[in-house]
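The values are calculated or read from the model by the stated rules, or taken from the named source; none is laboratory data. Model, not experiment: these values are computed from the prediction. Counting neighbours? That spans all protein chains shown, and the Cβs are built from the backbone with ideal geometry, glycine included. In case anyone asks, the SASA skips ligands and DNA or RNA and just uses the protein heavy atoms, side chains included. Shrake-Rupley method; radii C 1.70, N 1.55, O 1.52, S 1.80 Å.
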Amino acid sequence: MDNEDASRRMFLIKSLTGVSSAWLALRLPEIVAAQEHAHRAIQSAAPVRFEFLSVEQAAEVEAVAAQIIPTDDSPGAREARVIYFIDRALTTFDKDKQPLYVKGLKELQTKQKKMFKNSTKFSDLTSEQQIKVLKAFEKNEFFQTIRTHTIMGFFADPSYGGNFDQIGWKLIGFRDDFSFKPPFGYYDREYKETQ
């Protein structure tokens, strides 16, 4: 690799970093509002209400999310309550995805009824049936978006509405310390105590 290739690569990396920073800066007020809303909802004794999704839509989205990150030996998307993160995302930083969810849920229902004629809802299918429907459905934009939202909700800061009880963090061994002690040995090798 010559210097020209390296400089092009660095240019692309720095450009993408700038784009990511700009996106975050534009969405920061909405993200903070989502965090505050989720925090208030967690503190409230009243059951959390959905802001965008209806109860029926939420059940369908939650069923899809539960197949993306299923419950097995460890908790899955349902236990992490990613549905609340997804609903909040659709009213804040990903508001432009609302029509995609409405259309996608209708397409999911059409596909599910075509494959299982006597069924009424995706969420009522068995796990094996749900997987069959999703395999036939996984290449479209709606599935990719719900997959992204599910993963985000599973690993996001719990104050954003998902990752209940830090389920996602515990799964990967992340500790919520926010202040870390440096490992001693390498960094303090040259430190000489003065007296």
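Details
- Residues in the stretch 48-66 that are within 16 Å of Gln129 (Cα to Cα), open to solvent by less than 40 Å² (accessible area, probe 1.4 Å) and of a type outside the set (Gly, Ala, Ser): Glu60, Val61, Val64.
- Residue check, Ala156 at pLDDT 90 or above and either over 12 Å from the mean Cα position of the chain (by Cα) or open to solvent by less than 30 Å² (accessible area, probe 1.4 Å) (or both): no
- Pair list, Cβ < 7 Å and 6+ apart or interchain, from the stretch 128-155 residues that are closer than 13 Å to Tyr101 by Cα to residues that are open to solvent by 20 Å² or more (accessible area, probe 1.4 Å) and among the acidic types (Asp, Glu): Phe142/Glu107
- Taking the stretch 127-147 as the range and being assigned to a helix (DSSP H, G or I) and either surrounded by 15 or more Cβ atoms within 10 Å (Cβ to Cβ) or basic (Lys, Arg) (or both) as the test, the residues that pass are Gln129, Gln130, Lys132, Val133, Leu134, Lys135, Phe137, Phe142, Phe143, Thr145, Ile146, Arg147.
- Which numbered condition Ala45 misses (of (1) at pLDDT below 90; (2) farther than 19 Å from Gly162 by Cβ; (3) in a helix (DSSP H, G or I); (4) open to solvent by 70 Å² or more (accessible area, probe 1.4 Å)): (3)
- Screening Thr91 on (1) touching a Phe, Trp or Tyr at 6+ places or on another chain (Cβ under 6 Å); (2) open to solvent by less than 10 Å² (accessible area, probe 1.4 Å); (3) among the hydroxyl-bearing types (Ser, Thr, Tyr) shows it passes everything except condition (2).
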